[in-house]
Amino acid sequence: MLDNITVLSGIIATVWITLGVYIAGKFYPNYDHAKQFCSELGASGSPTKKLSPFINNYPLGILFCLFGWGLIKLDHYIMLLSLLIAPLVIALSPSSIYIPFWFRIASIAAVILAIYYLVKMAKAFKQQLLPGYYQRVSYWIRLIWLSTFSLTILQVQNT
């Protein structure tokens, strides 16, 4: 049953945020869902600054963690796939102070290298010649990307 809850938490999070934003908007005088961003509900100085995190951010954080845990427990290298998609999303996302240009280029390079080593892994598997090596190289490229992303975010936050 817990496995079902972890996987369903992705759907629950979608429903939760929809309801949470709607409810928080009711406590924000003259809040217009069509004209204002959801983030304004928890922004500094907003009338729902204290309420919004309790009905949106904190429960959603738990639901996302549950969903991530559910993904980890699945077979077939789903986490590896998410670490391949994340750099692409970062590289193609709109401009942000958290994502400098050099990191966008590094993200594209990481994806290219990771795919290169995945292809090498597939060939090595067919030939029974060091497939684990290529798997680990591909995986570590993505983990180095993740670590660099974490450090980049920390650096921006501390400046």
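Just so you know, all these numbers are worked out from the coordinates, no wet-lab data involved. Bear in mind that the values here come from a model prediction, so they are computed numbers and not experimental data. In this analysis, Cβ positions are derived from the backbone assuming ideal geometry, glycine residues included, and neighbour counts consider all displayed protein chains.
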(request) Set the Förster distance to 22 Å, then compute FRET efficiency between LEU113 and VAL156 from the Cβ-Cβ distance, nearest 0.05. (result) 0.35
(request) Could you work out how far apart the two model spin labels at SER95 and TYR58 are, taking each label as a point 7 Å from the Cα in the direction of the beta carbon, and quote it in nm? (result) 3.7
(request) Starting from the Cα of LYS73, draw a straight line to each of the lysines and keep only those under 30 Å, dropping any in the same chain fewer than 8 residues away. (result) LYS120, LYS123, LYS126
(request) With runs of 4+ DSSP H residues as the only contributors, calculate the mean residue ellipticity of the chain at 222 nm using -39,500 (n - 2.57) per run, divided by the residue total and rounded to the nearest 500. (result) -24000 deg cm²/dmol
(message) Given contacts defined as C-alpha pairs under 8 Å and at least six residues apart, what's the relative contact order of the chain, whole-number percent?
(response) 18
(request) Give the Rg (one decimal place) followed by the Dmax (whole number) of the chain, computed from C-alpha coordinates and expressed in Å. (result) 20.0, 66
(request) In nm, give the distance between the simple-model label positions of LEU88 and ALA34, each being 7 Å from the Cα along the Cα-to-Cβ direction. (result) 3.5
(request) Quickly work out the VAL7-to-SER44 label distance, labels modelled 7 Å from Cα along the C-beta direction, and quote it in nm with one decimal. (result) 4.4
(message) Within 15 Å, Cβ to Cβ, of TYR58, how many net charges do the neighbouring residues add up to if Lys/Arg are +1 and Asp/Glu are -1?
(response) +2
